[in-house]
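Undergrad: Structure provided below as structure tokens; questions to follow.
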């Protein structure tokens with residue numbers, strides 16, 4: 001009798017649910033069961049190779065970072081035949097966790113197969129709670145996005161999920177090692193800080209001049225989602241410009257070497273451009289949209305938001321650019 005009970009218990013541990021179609025048995029590991037209006041999806045999570053990313057996902061699902069964010073979620077966007085997006089409790093695609101962490105590399109999974117579970121990100125440094133599930137494999141994404149989960153059941157249901165439908169996520173652990181994987185707020189906060197310190201060290205070694213400039217800007221330094229570093233020296237007022245507005249700005253521009261390449265103050269005339277119509281570098285457009293009249297700030301643009309690998313005039317290719325900017329007015 002004891003042997004029979006042990007056998008039944010073992011089956012219950014290895015088979016976490018039973019459908020009319022089949023009993024799904026799982027190997028030892030950590031899994032996410034996503035319940036949708038079209039059925040259940042089961043993902044294996046790469047918790048050994050991506051401890052921070054998976055810890056964050058698991059903790060959000062289980063409420064270890066505060067309120068569980070992954071219950072009664074909306075699929076806020078679907079790109080037909082490509083990917084669906086969720087993980088934002090607001091359902092807007094702009095909300096989510098009140099903290100971010102950078103991309104973690106080393107996954108044993110790939111975005112090259114349908115059902116890849118991947119954190120959504122604009123620049124690789126703003127992971128939070130939003131994620132995407134690929135409806136079609138795209139291995140090109142492996143260059144910038146790390147897949148932390150792979151679909152092992154429910155692939156036939158993926159393309160039936162529509163924007164606006166609700167999902168909920170449950171974490172499953174099979175085996176002693178997986179059951180010992182119990183991330184919480186303290187452990188995740190520590191991992192994020194360790195990752196940031198490693199990034200700072202790596203960045204300083206790769207870009208010592210830029211790192212020195214950033215350090216000189218002190219505690220007021222911030223970074224946008226796209227990677228622009230900035231420090232506000234004087235607050236403005238009156239709201240932000242919008243696409244289509246014409247802005248007038250004074251500025252001086254320098255390379256990291258200190259070489260000045262342009263200065264509107266010396267010309268005695270502000271620089272004017274219409275947002276979205278005139279061809280200016282991406283970093284300028286983003287900055288103008290985030291400023292208010294009278295505001296003064298220093299911005300440090302990475303090459304991809306400046307002149308990229310082409311350069312321009314006295315600006316070499318792949319240059320970081322430093323601007324001291326003042327938004328005079330807009331209309």
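None of the figures in this text is laboratory data; all of them are computed from the coordinates on show. Keep in mind the model is a prediction, meaning the values are calculated, not measured. Here Cβ is always computed from backbone atoms with ideal geometry, including for glycine, and neighbour counts include all displayed protein chains.
Undergrad: May I ask you to sort 58, 75 by Cβ crowding, counting other Cβ atoms within 10 Å and putting the fewest first?
TA: Fewest to most other Cβ atoms nearby, the residues stand as 75, 58.
Undergrad: Starting from a Cα-only point model with no solvent, please compute log10 I(q)/I(0) by Debye for the range 24-186 at q = 0.08, 0.14 1/Å.
TA: Reported log10 I(q)/I(0), two decimals: -0.19, -0.63.
Undergrad: When only Cα pairs under 8 Å and 6 or more residues apart are kept, what is the percent relative contact order across the range 24-186?
TA: 34 percent
Undergrad: Can you sort 160, 64 by how many other beta carbons sit within 10 Å, fewest first?
TA: 160, 64
Undergrad: Still on this structure: Give me the log10 of I(q) over I(0) for the range 207-330 at q = 0.09, 0.14, 0.19 Å⁻¹, as the Debye formula computes it from C-alpha points; what are the numbers?
TA: At q = 0.09, 0.14, 0.19 Å⁻¹ the computed log10 ratios are -0.23, -0.57, -1.10.
Undergrad: Still on this structure, please answer the following. Could you give me the percent of Cα pairs per 20 Å distance bin for the chain, shortest bin first, beginning at zero and ending with the bin that holds the maximum distance?
TA: All Cα pairs considered, the percentages come to 26, 47, 22, 4, 0.
Undergrad: Can you tell me, using C-alpha contacts under 8 Å and at least 6 residues apart, the relative contact order of the range 207-330 as a whole percent?
TA: 32 percent
Undergrad: If you don't mind, another one. Among rounded, prolate and oblate, which fits the range 57-130 when a ≥ b ≥ c are the square roots of the eigenvalues of its C-alpha gyration tensor, a/c under 1.5 means rounded, and a/b larger than b/c means prolate?
TA: Oblate, because a/c is 1.5 or more while a/b does not exceed b/c.
Undergrad: Arrange 139, 129 by Cβ neighbour counts within 10 Å, fewest through most, would you?
TA: In increasing order of surrounding Cβ atoms, one gets 139, 129.
Undergrad: Run lengths n ≥ 4 of DSSP H only: what is the helix-derived mean residue ellipticity at 222 nm for the chain, with -39500 (n - 2.57) per run over all residues, to the nearest 500?
TA: -6500 deg cm²/dmol
Undergrad: Just want to confirm a number: the relative contact order over the chain, from Cα pairs under 8 angstrom separated by 6+ residues, in percent.
TA: Dividing the mean separation by the residue count of the chain yields 15 percent.
Undergrad: In terms of the Cα gyration tensor, with a ≥ b ≥ c the square roots of its eigenvalues, is the range 153-285 rounded because a/c is under 1.5, prolate because a/b exceeds b/c, or oblate?
TA: oblate
Undergrad: When the Cα centres of the range 111-159 and the range 44-69 are compared, how far apart do they sit, in Å?
TA: 15 Å
Undergrad: How many angstrom lie between the C-alpha centres of the range 174-252 and the range 259-277?
TA: Each part's Cα centre sits 27 Å from the other's.
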